[in-house]
Amino acid sequence: MLRNHSLAQAISNVGWHQITSMLAYKAEWYGRDFVQIDKWYPSSKRCHACGHLCDAMPLSVRHWDCPACGASHYRDINAAKNILKAGKAILAGADKLREHEQKTTVGRTGG
Ligand SMILES: [Zn+2]
């Protein structure tokens, strides 16, 4: 996003921390989930179709074909699909933790 000059200026003025804080606040306000994935997660160079991870991918590469499965990717769309998948995986893990905590709580109150 920082490559888009007008968007980069807006982001630089506000800062990533403030943007994520506002997103978290709005998500909670509307009863939605807000999930942050690891900032180093290789979302752009991982094939969303098969999971193959490319070694290196300069920012100038906007379109690429997966050497493992042959899927054709637009960099940002592929990254968005990987980020969604990673976020859902985190939520699925959080759901399992909540279920475990509820069972533990039920066990404590029942015992
Ligand atoms: Zn692939």
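The values are calculated or read from the model by the stated rules, or taken from the named source; none is laboratory data. Remember, it's a predicted structure, so these values are computed and weren't measured experimentally. Note: ideal-geometry Cβ built from the backbone for every residue, glycine included; neighbour counts use all protein chains shown. Side chains are part of the model used for accessible areas, which takes the heavy atoms of the whole protein and leaves out ligands, DNA and RNA. Shrake-Rupley method; radii C 1.70, N 1.55, O 1.52, S 1.80 Å.
Out of all the residues in segment 44-76, which are near the ligand (Cβ under 10 Å from one of its atoms), among the hydrophobic types (A, V, I, L, M, F, W, C) and open to solvent by 60 Å² or more (accessible area, probe 1.4 Å)?
Ala49, Cys50, Leu53, Ala68, Cys69
Within segment 17-43, count every residue that is in a loop (DSSP other than H, G, I, E, B), under 22 Å from Ala89 (Cβ atoms) and open to solvent by 80 Å² or more (accessible area, probe 1.4 Å).
So the answer is 6.
Within segment 13-43, restricting attention to residues that are in contact (Cβ under 8 Å) with a residue 24 or more places away in the chain and among the hydroxyl-bearing types (Ser, Thr, Tyr), which residue is farthest from the ligand (Cβ to nearest atom)?
Taking the candidates together, the pick is Tyr41.
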